[in-house]
Amino acid sequence: MHETLKQIGDMGIIPVVKIEDPAKALPLAKALKDGGLPCAEITFRTGAAKEAIQNIAKVHPDMLLGAGTVLSAAQADDAVAAGARYIVSPGFNPAVVSHCVKKGIPIIPGCSTPSDMERAIEAGLEAVKFFPAGESGGVNYIKAVSAPFPMLKFIPTGGVSAENLNSYLSLNAVLACGGSWMVKAELINEGRFDEIAALTRKALNTMLGFNLSRLGFNTADGESAGSTAGLWEKFFDFPLRQGDSSVFAGPWFEHLNAPGPGKHGHIVIGTLTIHRAVAWLKRRGYGFRDESAETNSKGELTGMYLKDEIAGFAIRLVQSQ
């Protein structure tokens, strides 16, 4: 998969922006970065799009910028010259797709029918914009149509909200979601950038869905693990369960038969989307113990330890069931 598409997938949510005043571009970019999503699709629905992309790209070269509602090859060239790293069109425009493919520009055309999807595959594309997602059948439609097109990834846009975001992202066929609820035009026009940052952070937290899964305590041996776990049963009547290398007290407290990672033990944090959670933490400068990575039969990441500890506890990130 193209590196830009991988980065879109790691982001998970792409704010779709209609901006009317290029002077608002930089505070908007800061709000999105403060909210945890250093990315945006700036739509060419206004004459300010090119300058807005240019302003952001110059000051924030680390932001993943795309140009949306691109209707011509000339617009695509203008967007890339301004700093856009990929192009999005509302429909499958053969001229725009062909132009971008020839020039090596990642292009994500809007497709809502199997015929359009076949054309995208024939053009050598790896991802399409599913638009308008809500009106075109939403989650159930993607489930159905992705079966004959397993080589294609979808970016549903239009009708995506905080309420249905994870319904889309739970599908393997979905690369990311495009949405405007955190960057509505009135919020930008009125300069309500703190609100944009808060809505962006809320969307990110909804997607990641971090939760405390369990606590693991280092004990010297199996006998110590059993006796320590027994205290939970004695105090709170938490049932004991013997594991392969530990003793559980209830679903939350694990006592290891031999010391494991962490000075005192480990804390297991679940997430709804582990590869996006890892990408988000890495963007913020946090490292992982690569040798601790666990995968399932499909080669998908299921668990990994962070390099840092908290109060003597190693932190293990796992994919929630």
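The values are calculated or read from the model by the stated rules, or taken from the named source; none is laboratory data. From a predicted model like this one, the values you see are computed outputs, not experimental measurements. Glycine also receives a Cβ, built like all others from the backbone with ideal geometry; neighbour counts cover every protein chain displayed.
So the values come out like this:
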| quantity | calculated |
| --- | --- |
| Qualifying residue in segment 273-293 (condition: over 24 Å from Met207 (Cβ atoms) and over 30 Å from the mean Cα position of the chain (by Cα)) | no |
| Verdict on Ser146 being polar (S, T, N, Q) and within 30 Å of Met1 (Cβ to Cβ) | yes |
| Which numbered condition Glu135 fails, given (1) among the charged types (D, E, K, R); (2) assigned to a helix (DSSP H, G or I); (3) surrounded by fewer than 16 Cβ atoms within 10 Å (Cβ to Cβ); (4) touching a residue at least 12 places away in the same chain (Cβ under 8 Å) | (2) |
| Residue list for segment 29-79, filter: β-branched (Val, Ile, Thr), under 24 Å from Val101 (Cβ atoms) and surrounded by fewer than 20 Cβ atoms within 10 Å (Cβ to Cβ) | Thr69 |
| Residue count for segment 294-305, restricted to those that are more than 20 Å from Lys263 (Cα to Cα) and either more than 17 Å from the chain's Cα centre (by Cα) or in a loop (DSSP other than H, G, I, E, B) (or both) | 7 |
| Candidate set: segment 287-321, residues that are under 13 Å from Ile269 (Cα atoms) and modelled with pLDDT under 95; chosen: the one surrounded by the fewest Cβ atoms within 10 Å (Cβ to Cβ) | Gln321 |
| Number of the exception - Ala95 against (1) in contact with a strand residue (DSSP E or B) (Cβ under 9 Å, 6 or more places away or on another chain); (2) surrounded by fewer than 19 Cβ atoms within 10 Å (Cβ to Cβ); (3) among the hydrophobic types (A, V, I, L, M, F, W, C) | (1) |
| From the options Val128, Val139, residue that is more than 21 Å from Asp10 (Cβ to Cβ), among the β-branched types (Val, Ile, Thr), under 19 Å from the mean Cα position of the chain (by Cα) and assigned by TED's automatic domain parsing to the domain that holds Gly66 | Val139 |
| Complete set of residues in segment 169-214 that are basic (Lys, Arg) and either within 12 Å of the chain's Cα centre (by Cα) or part of a loop (DSSP other than H, G, I, E, B) (or both) | Lys184, Arg192 |
| Test: residue in segment 148-165 that is under 30 Å from Ala258 (Cα atoms), surrounded by fewer than 19 Cβ atoms within 10 Å (Cβ to Cβ) and either touching a Cys at 6+ places or on another chain (Cβ under 8 Å) or of a type in the set (Asp, Glu) (or both) | no |
| Residue that is over 21 Å from Ile155 (Cα atoms), within 24 Å of the chain's Cα centre (by Cα) and modelled with pLDDT of 95 or more, where the choices are Leu26, Leu32, Leu37, Leu65 | Leu26 |
| Residue list for segment 17-31, filter: under 17 Å from Ala67 (Cα atoms) and among the basic types (Lys, Arg) | Lys18, Lys24 |
| Meets criteria (touching a residue at least 60 places away in the same chain (Cβ under 8 Å) and surrounded by fewer than 20 Cβ atoms within 10 Å (Cβ to Cβ)) for His2 | yes |
| Among residues of segment 245-283, those that are touching a residue at least 12 places away in the same chain (Cβ under 8 Å) and either within 30 Å of Leu165 (Cα to Cα) or outside the structural domain of Ala229 (by TED's automatic domain parsing) (or both), counted | 18 |
| In segment 174-224, residue surrounded by the most Cβ atoms within 10 Å (Cβ to Cβ) [restricted to those that are closer than 30 Å to Glu254 by Cβ and without any contact (Cβ under 8 Å) to a residue 12 or more places away in the chain] | Asn205 |
